[in-house]
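Engineer: Let me begin by handing over the structure; questions about it come next.
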Amino acid sequence: MIPRVFVLSPAIQPEAAAAFAGRVELIEPLRGTDLYGVQTPEAYAKINAALSEALPEIEGIFGYGQVTAETMRQAPRLRVVMTPSSGAEAIDVAAATAQGVAVINAAGAAYVPVAEHVMGLALSLVKLISRSDRETHATGHQRSNGELINAGLMPSVLWRKTLGIVGYGFIGRSVAQKAIRGFDMDVVAFDPFFDPVEAGMQGVRLVGTLDELLEISDIVSVNSPHTPETEKLIDARALARMKNSAYLINCARGPIVDTDALVDALRAGEIAGAGLDVTEPEPLPDGHPLIGMENVILTPHIGGVAAEFMPIMAEQTAREGLAVLEGKNSFRLLNKSVWPAYLERLRVHDDIAV
């Protein structure tokens with residue numbers, strides 16, 4: 001028998017469906033209904049109800065929904081959970097590892113749109129794009145440039161400023177090249193796991209400490225993964241190290257930045273502003289202090305969302321998930337330590353062939 005994969009989304013992307021075609025049996029509870037592809041509470045309620053019924057018989061889960069430890073305990077044949085996204089916060093990865101279930105995501109696949117979003121936020125901050133636009137729409141009056149300058153608001157440029165990148169992975173490297181080639185910026189990076197010689201060949205100086213990066217950067221871009229080591233990495237102490245004229249950009253994960261400390265730093269004028277695609281909590285509750293700050297740009301975690309890249313992420317995740325179902329290790333295996341337990345799980349359920 002071939003593996004059965006439950007689609008934990010209102011619809012599966014055609015590219016992922018094509019990758020799975022003929023190799024797995026897709027279980028799509030909403031296909032053929034008027035809720036197919038519709039993201040509403042009613043649609044997700046039906047998906048979750050169908051998942052509960054299907055758990056004893058499925059080998060894979062594909063989609064964006066929540067997968068808990070209890071969900072996996074009720075799925076004795078489950079081999080792999082696939083989420084076509086850069087993060088896996090909705091999946092209990094520790095529980096998956098303990099139960100021998102592989103987790104596949106699309107980390108790094110959306111590096112282009114995220115890097116563009118970083119540069120977009122940086123431009124908007126220094127050139128007062130969002131601030132001016134918001135004021136014009138809110139008041140119905142468009143100020144002249146003289147009125148703007150007389151109010152103490154002077155636009156600036158990215159040209160020859162120093163960009164500090166925290167986390168020099170796929171996204172960080174893409175941000176660096178856009179900054180260097182597109183805006184003639186000086187780029188420094190902090191990443192204890194990257195080769196400084198290779199970084200230098202790319203025109204980036206790898207600094208030895210986070211403190212050094214914070215002290216010399218005009219713009220700090222957070223692009224590191226969220227791990228126990230990076231939890232609140234940008235805290236009150238880190239923010240105090242930044243220039244008063246510097247901006248903070250976070251397009252990684254909200255918990256890497258201490259939200260309360262950021263609010264305090266902005267209120268005290270310790271930094272000039274912030275561009276946040278991610279926050280902690282996410283979304284921010286109504287009336288949160290960050291929402292009312294003119295020098296803060298907030299976007300709803302859309303940095304990695306792009307029409308051109310969603311199909312790519314879905315197809316890559318499906319293909320790598322198929323490889324794991326076949327007993328082949330994957331570079332997109334999120335919980336790498338699971339592999340011995342996974343192979344044992346594969347052996348126990350050897351009645352399934354891909």
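Engineer: Name the residues in segment 1-35 that are without any contact (Cβ under 8 Å) to a residue 60 or more places away in the chain, assigned to a loop (DSSP other than H, G, I, E, B) and surrounded by 14 or more Cβ atoms within 10 Å (Cβ to Cβ), would you?
Structural biologist: 9, 10, 11, 28, 29, 30, 31, 35
Engineer: Hey, among 88, 138, 94, 115, which residue is in the same structural domain as residue 73 (by TED's automatic domain parsing) and assigned to a helix (DSSP H, G or I)?
Structural biologist: Values: 88 fails: assigned to a helix (DSSP H, G or I); 138 fails: in the same structural domain as residue 73 (by TED's automatic domain parsing); 115 fails: in the same structural domain as residue 73 (by TED's automatic domain parsing).
On inspection, the qualifying residue turns out to be 94.
Engineer: Consider residue 320 against the criteria (1) charged (D, E, K, R); (2) outside any loop (DSSP other than H, G, I, E, B); (3) more than 22 Å from residue 7 (Cβ to Cβ): it satisfies all of them except one. Which criterion is unmet?
Structural biologist: The single condition residue 320 does not satisfy is (3).
Engineer: Would you mind finding the one in 78, 121, 55 that is outside any loop (DSSP other than H, G, I, E, B) and either within 19 Å of residue 319 (Cα to Cα) or assigned by TED's automatic domain parsing to the domain that holds residue 333 (or both)?
Structural biologist: Step by step, each of 78, 121, 55 is checked, and only 55 is outside any loop (DSSP other than H, G, I, E, B) and either within 19 Å of residue 319 (Cα to Cα) or assigned by TED's automatic domain parsing to the domain that holds residue 333 (or both).
Engineer: Determine which single condition residue 229 fails, assuming it passes every other condition in (1) closer than 22 Å to residue 276 by Cβ; (2) touching a helix residue (DSSP H, G or I) at 6+ places or on another chain (Cβ under 9 Å).
Structural biologist: If we test residue 229 against (1) closer than 22 Å to residue 276 by Cβ; (2) touching a helix residue (DSSP H, G or I) at 6+ places or on another chain (Cβ under 9 Å), just (2) comes out false.
Engineer: Same structure again: Any idea which of 184, 195 is among the charged types (D, E, K, R), out of contact with any Pro (no Cβ under 7 Å at 6 or more places or on another chain) and at negative phi?
Structural biologist: 195
Engineer: Sticking with this one: If you scan segment 166-183, which residues turn out to be farther than 18 Å from residue 124 by Cβ and surrounded by 11 or more Cβ atoms within 10 Å (Cβ to Cβ)?
Structural biologist: 166, 167, 168, 169, 170, 171, 172, 173, 174, 176, 177, 180
The values are calculated or read from the model by the stated rules, or taken from the named source; none is laboratory data. Remember, it's a predicted structure, so these values are computed and weren't measured experimentally. Note that each Cβ is placed from the backbone with ideal geometry, even for glycine, and that neighbours are counted across all protein chains shown.
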